[in-house]
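Read through the structure below, which is laid out as structure tokens, and then see the notes.
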Amino acid sequence: MAALRRKFGEDYQVVNTNRATTFSAPVKKKRQRFVDKNGRCNVQHGNLGGETSRYLSDLFTTLVDLKWRWNMLIFLLTYTIAWLVMASMWWIIAYIRGDLNHGHDASYTPCVANVYNFPSAFLFFIETEATIGYGYRYITEKCPEGIILFLFQSLLGSIVDAFLIGCMFIKMSQPKKRAETLMFSQDAVISQRDGKLCLMFRVGNLRNSHMVSAQIRCKLIKSRQTPEGEFLPLDQCELDVGFGTGADQLFLVSPLTICHEINPKSPFFDLSQRSLMNEQFEIVVILEGIVETTGMTCQARTSYTEDEVLWGHRFLPVMSLEEGFFRVDYSQFHSTFEVPTPPYSVKEYEEKNSLPSPLSTPTLTDSHGARRDRVFSVGCINTSDERRGGTGGRLPSKLQRMSSSGKEDLQRKVLLLSSQHSEKACSTGDLPLKLQRLSSSQEPEAENRLQLKSLKVGFEPMTQSTGDLYQRSLMPTPTLAPAPVPMHSPLLSSRGRPEDNLPAKLRRMNADR
């Protein structure tokens, strides 16, 4: 256990090491499976009516599909009846010719020598059919009907031998027993692999002989109802286990973990740990391949119900490196351990990631937490009007003239404000050289702070539409006056002339100049 934790980390904890302690979902009422764990399909055909004759048309396949007890019964009855019937025919020929009354007469030539009764006729048939030929009983040349019956017996015996012995040989060489040495894990698990949520199960081969061209397929058996209201019981849906990438072609020399990625194309796209408790489905796994020793195609099947799907588990490793070879420990083949796995579905995860984050679009705020308004230049107003495709061109001519006049008034206001600020910025040029040096020695940060504050006070947001410009044109033009500033505000000193903050002696010197 300590070695396993060192290998996988302290976050992983083994929760079971054998089948007795395997984690399972909450116990539900046992329901009928479509395919048993051993691969047998629980389907019976009834009320065939006149379709039963179709089985006789393919008698050989019917006999091969029968169980062994019925095959043995048919085998024994067929040979016993055939032997009795043919022995009876030889006895009838001897009885009709009167050979039974002259059995010990040396001067009489019978059809079959030394046939006196039914047991002797039966022994003659067995010796002829099995080609034993003891030489005591034989056909004479004065019995043409015996020669014809002998030919018929040879043909019929060959047909019966070929049919029954061939049927028994095919049944004995069927790869069904080979499928018993192909193992599937008792449970399937759902966990993350390569950052993706996957449904996984394990397959293994107990024999050293390989499965040539092994291929695996998965079917989801689940009842559903169509949008038109049609109910489809046991509807079959294909599960992708790597058909597009070739991962379904297996090199089955050691246990492999088959993975089905849960994505938007998967029927488990909206399956979560909570919804798994209420689902009813069955996953049928089909493994096909060619038996290396016989060249016959073998198919192994199993199934997993919703109770046998473990959320947040992973299979224990079974491969270990020994001196000169790899060792597979099949005692841990069915064991799983718990791993951290998100309890929500892939659909919920994608919807959560698709929502816009509030931190992704930050809002520009000033130092007091208020939202800043965008300030556009005069040229920006014209550009925005052009981008709107000439909205004013669709207005009446009177409204267009009013809108254009309002826009010109707005432009004049902006130019006037900018000119006032330029005058304030250049007012220090009227000071003496010594005062200019004192003014230029101020820190750049203070200048930037003064400029930003003046822009915020003097400029208005230029986000008006054509309708807003029209309303402003109808209103009386307000006189341009600086915004009232409290006496204790630091902006009071910054909005006046810089020489107003000088001492009285310097102000008198500036006035004399």
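Quick notes on this structure:
- 5 angstrom amide H check on residue 313, placed H, neighbours 5+ away: 190, 339
- What the Cα atoms of segment 51-141 give is an Rg and a Dmax of 18.5, 61 Å.
- Using the Cβ-Cβ distance between residue 254 and residue 165 with R0 set to 45 Å, the FRET efficiency from 1/(1 + (r/R0)^6) comes to roughly 0.70.
- Look at where the Cα atoms of segment 139-174 and of segment 215-244 average out, and the two centres are 51 Å apart.
- Taking amide H atoms as placed 1.01 Å from N in the peptide plane, the amide H of residue 211 lies under 5 Å from those of 252, each 5 or more residues away in sequence or on another chain.
- Virtual spin-label span in nm between residue 134 and residue 147, 7 Å along Cα→Cβ: 2.6 nm
- Whole-Hz ³J(HN,Hα) from phi, Karplus 6.51 cos²θ - 1.76 cosθ + 1.60, for segment 38-47, glycine and proline x: 7, x, 7, 8, 8, 10, 10, 9, x, 6
- Global size of segment 102-231 as Cα Rg and Dmax, reported in angstrom: 32.1, 101
- Within segment 168-246, trypsin sites (Lys or Arg not before Pro) in DSSP loop having at most 16 other beta-carbon neighbours inside 10 Å: 207
- Between amide H atoms placed 1.01 Å from N, distances below 5 Å from residue 283 occur with 221, 304, 305, all of them 5 or more places distant or on a separate chain.
- Backbone geometry of segment 214-231 corresponds, through the Karplus equation with coefficients 6.51, -1.76 and 1.60 at θ = phi - 60°, to 3J(HN,Hα) couplings of 5, 9, 10, 9, 9, 10, 9, 9, 7, 7, 8, 10, 6, x, 7, x, 7, 8 Hz, x marking Gly and Pro.
- Cα extents for segment 218-340 along the principal axes, largest to smallest and rounded to whole angstrom: 62, 41, 25.
- Cross-link pairs beyond the 18 Å C-alpha cut-off, checked among 37/265; 222/352; 37/177: 37/265; 222/352
- Rolling a 1.4 Å probe over the protein heavy atoms leaves residue 309 with an accessible area of roughly 0 Å².
- Calculated FRET efficiency for the pair residue 177/residue 37, C-beta based, R₀ 22 Å, to 0.05: 0.85
- Compactness of segment 139-211 - radius of gyration and Dmax, Cα, Å: 27.9, 92
- Where 70, 83 fall by accessible area, highest first, once all protein chains stay in place (1.4 Å): 70, 83
- At the residue level, residue 259 shows approximately 40 square angstrom of accessible surface with a 1.4 angstrom probe and all protein chains present.
- Calculated FRET value between residue 70 and residue 206, using beta carbons and R₀ = 30 Å, to 0.05: 0.50
- Karplus-derived 3J(HN,Hα), 6.51/-1.76/1.60, for each residue of segment 184-200, Hz, glycine and proline x: 10, 5, 5, 10, 9, 10, 10, 7, 8, 9, 6, x, 10, 6, 9, 9, 9
- Taking 0.36 nm per residue of sequence separation and removing the Cα-Cα distance, the residue 352/residue 245 pair yields an extension gain of 35.6 nm.
- Restricting the GluC sites (Glu not before Pro) of segment 275-346 to loop positions (DSSP other than H, G, I, E, B) with no more than 15 neighbouring Cβ atoms within 10 Å leaves 279, 292, 322, 323.
- Per residue, the average separation of C-alpha pairs within less than 8 Å and at least 6 apart gives segment 159-262 a relative contact order of 28 percent.
- Extended-chain gain in nm, criterion 0.36 nm per residue less alpha-carbon gap, residue 58 and residue 292: 81.4 nm
The values are calculated or read from the model by the stated rules, or taken from the named source; none is laboratory data. Owing to the predicted nature of the structure, the values given are computational and were not obtained by experimental measurement. Backbone-built Cβ (ideal geometry, glycine too); neighbour counts: all protein chains shown. The accessibility values were calculated without ligands, DNA or RNA, using every heavy atom of the protein model including side chains. Shrake-Rupley method; radii C 1.70, N 1.55, O 1.52, S 1.80 Å.
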